[in-house]
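Visitor: Please find one structure pasted underneath; my questions will follow.
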Amino acid sequence: MMMAVVRSILLLSSFLCVCISRVSGGYNLVDNFQGNNFFNNFDFWTGPDPTHGYVYYASQSQAASWNLTQVANNVVYISADSSSISSGSGRASVRLTSKKVYNHGLFIFDVSHMPYGCGTWPAIWTVGPNWPYGGEIDVVEGVNQNNRNQMTLHSGPGCTMPSNWNQVGKTLGTDCNSLVNNNAGCAVQSDTTLSYGQGFNNNGGGVWAMQWESSGVFIWFWARGSVPANVQNGNPDPATWGTPGASFPFAGTGPGSCPSSDFANHQIVIDDTFCGDWAGAVFSQSGCPGSCTSYVQNNPQNFKQAYWAINSFKVYQQ
C-alpha cells in the first residue's frame, strides 16, 4: 500500500513539473517585424547622436532615397553610406526606435549580417524614458574590430549584479549605474567569436534571444545552424535553452541588488553610429589607423560591410 502511494505521489509530482515547465514557457507572439512591414513599426531618429558619434542620422525619406534602407526577398537591409566622403555631423546612417513600448517579454532578433569594421559602433537594444532611470538593455553591441558581443544593463544608482551567476559569458562589470565608471554599466562578454563582427557575418549570422521578466534579464545567442527548433517554429521555451550567455537577476531572485522597477516602458532601438564615446575612445587600441573621425570621413569604401541584414524581430509575451 505504501509503495503504491509513493508511486502515485511521484507520478503526480512528475506531471506537475511538466505542467509548470510548459506554463513557464507559455509565450505568445505579439509582434513580428519583418519584410515590407518592418519600417512601418519604427520611427527614424533624426536628432544628434546622444553618444557623440561622427554620424548623420537620415530621415525615412532620406534613407530610402540614399538606398540606406531596402527590403529584398523579405530581408530588411539597413546600411550606412559607403559611397561618399562625409561632411557636417558625419557619415550618413540610420537609427530606428520602435513605435511600441514594452514591459517584459521575450525578444528574438534573427540577423544574417551586422555592421563591422574600424569606426563602427552597431547595437540592438531596448531603452526606457528619462535615461538612465528607465533602464537600458544592450542585447547586441560592439565597436571597431571586436569579435565578441557585449551584453550590458545600464541604470540609475542602486543597481548592481553578481560577478558571475548562472551564465557562460564573462562578467566585465557589476555596477549598472550609468552615472559612474564612464557609463560602462554591468557588462558581460560573449563566450563565442561567432556572436559578433566578422565571425558572425562569415557564419551567416545568428539569433539572439532576450528574456525580460520580473526575475531579471537573460540573454542567449545561437550561431546559424544551432538555433533551437522551438525558436525556429515559433514556440520558444527558454526552459529548454540551457545556461544563458548573460544573466542579470533582479533583487530577490539572485545575489544582485537591482530593483526590477529600474527597467520599464522600453522601446527597441537598432542603430550604427561611428566613433563617439566608445568606438572613438578605443580606436587605436583596436588596431585601427589614424584618427577615428578622419578615417570614417574619408574612407567610404571601407563601410561596405556596415549594414544590417535582418530576417525578423519577434516579441513574445506571457
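Visitor: Only one of (1) in a strand (DSSP E or B); (2) closer than 23 Å to residue 315 by Cα is not met by residue 134, so which one is it?
Guide: Exception for residue 134: condition (1).
Visitor: When you look at residue 168, is it touching an Asp or Glu at 6+ places or on another chain (Cβ under 6 Å) and in a loop (DSSP other than H, G, I, E, B), yes or no?
Guide: Answer is yes for this residue.
Visitor: I would also like to ask the following. Scanning for something outside any helix (DSSP H, G or I) and in contact with a helix residue (DSSP H, G or I) (Cβ under 7 Å, 6 or more places away or on another chain), does the stretch 186-198 turn up at least one residue?
Guide: Residues of the stretch 186-198 outside any helix (DSSP H, G or I): 186-196.
Still in the list and also in contact with a helix residue (DSSP H, G or I) (Cβ under 7 Å, 6 or more places away or on another chain): 193-194.
Yes: the stretch 186-198 contains one or more residues that are outside any helix (DSSP H, G or I) and in contact with a helix residue (DSSP H, G or I) (Cβ under 7 Å, 6 or more places away or on another chain).
Visitor: Among the residues of the stretch 114-127, how many are open to solvent by less than 10 Å² (accessible area, probe 1.4 Å) and closer than 19 Å to residue 158 by Cβ?
Guide: The qualifying residues number 0.
Visitor: Of all residues in the stretch 127-178, count the ones that are within 24 Å of residue 117 (Cβ to Cβ), of a type in the set (Gly, Ala, Ser) and either out of contact with any helix residue (DSSP H, G or I) (no Cβ under 8 Å at 6 or more places or on another chain) or modelled with pLDDT under 95 (or both).
Guide: Number of matching residues: 1.
Visitor: Output the number of residues of the stretch 25-41 satisfying the condition of being open to solvent by less than 40 Å² (accessible area, probe 1.4 Å) and in a strand (DSSP E or B).
Guide: 2
Visitor: Okay, moving on. Could you check residue 219 against (1) in contact with a Cys (Cβ under 9 Å, 6 or more places away or on another chain); (2) buried (at least 23 other Cβ atoms within 10 Å of the Cβ) and say which number it fails?
Guide: (1)
Visitor: Identify, from the list 253, 160, 152, 240, the residue that is of a type in the set (S, T, N, Q), within 27 Å of residue 278 (Cα to Cα) and open to solvent by 40 Å² or more (accessible area, probe 1.4 Å).
Guide: Result: 160 is the single residue among 253, 160, 152, 240 that is of a type in the set (S, T, N, Q), within 27 Å of residue 278 (Cα to Cα) and open to solvent by 40 Å² or more (accessible area, probe 1.4 Å).
Visitor: Hey, could you check the stretch 260-318 for residues that are without any contact (Cβ under 8 Å) to a residue 60 or more places away in the chain and open to solvent by 60 Å² or more (accessible area, probe 1.4 Å) and say which is farthest from residue 197 (Cα to Cα)?
Guide: If we filter the stretch 260-318 for residues that are without any contact (Cβ under 8 Å) to a residue 60 or more places away in the chain, which is where we start, we get 260-261, 281, 284-285, 290-291, 294, 299.
This time we only want the ones that are open to solvent by 60 Å² or more (accessible area, probe 1.4 Å), so: 261, 281, 284-285, 290-291.
On the way: 261: 33, 281: 19, 284: 18, 285: 17, 290: 21, 291: 21 Å.
Ranking the qualifying residues of the stretch 260-318, first place goes to 261.
Visitor: Any chance you could count how many residues in the stretch 99-111 are more than 18 Å from residue 215 (Cα to Cα), surrounded by 17 or more Cβ atoms within 10 Å (Cβ to Cβ) and not charged (D, E, K, R)?
Guide: Of the residues in that region, 3 qualify.
Visitor: Tell me, please, whether a residue that is outside any helix (DSSP H, G or I), within 25 Å of residue 307 (Cβ to Cβ), at pLDDT 95 or above and in contact with a Pro (Cβ under 9 Å, 6 or more places away or on another chain) can be found in the stretch 224-233.
Guide: No, the stretch 224-233 has no match at all.
Visitor: Mind checking which residues of the stretch 89-98 are open to solvent by 10 Å² or more (accessible area, probe 1.4 Å), polar (S, T, N, Q) and under 15 Å from the mean Cα position of the chain (by Cα)?
Guide: Scanning the stretch 89-98 gives a single hit, 97.
Visitor: State whether one or more residues within the stretch 281-304 are among the hydroxyl-bearing types (Ser, Thr, Tyr), within 18 Å of the chain's Cα centre (by Cα), modelled with pLDDT of 95 or more and within 28 Å of residue 202 (Cβ to Cβ).
Guide: Within the stretch 281-304, not a single residue is among the hydroxyl-bearing types (Ser, Thr, Tyr), within 18 Å of the chain's Cα centre (by Cα), modelled with pLDDT of 95 or more and within 28 Å of residue 202 (Cβ to Cβ).
Visitor: Which residue is farthest from residue 278 (Cα to Cα), if the candidates are limited to the stretch 60-82 and must be assigned to a loop (DSSP other than H, G, I, E, B) and open to solvent by 30 Å² or more (accessible area, probe 1.4 Å)?
Guide: Looking at the filtered set, the residue picked out is 73.
The values are calculated or read from the model by the stated rules, or taken from the named source; none is laboratory data. Keep in mind it's a predicted model, so treat the numbers as computed, not measured. Positions of Cβ are backbone-derived with ideal geometry, glycine not excepted, and every protein chain shown enters the neighbour counts. Side chains are part of the model used for accessible areas, which takes the heavy atoms of the whole protein and leaves out ligands, DNA and RNA. Shrake-Rupley method; radii C 1.70, N 1.55, O 1.52, S 1.80 Å.
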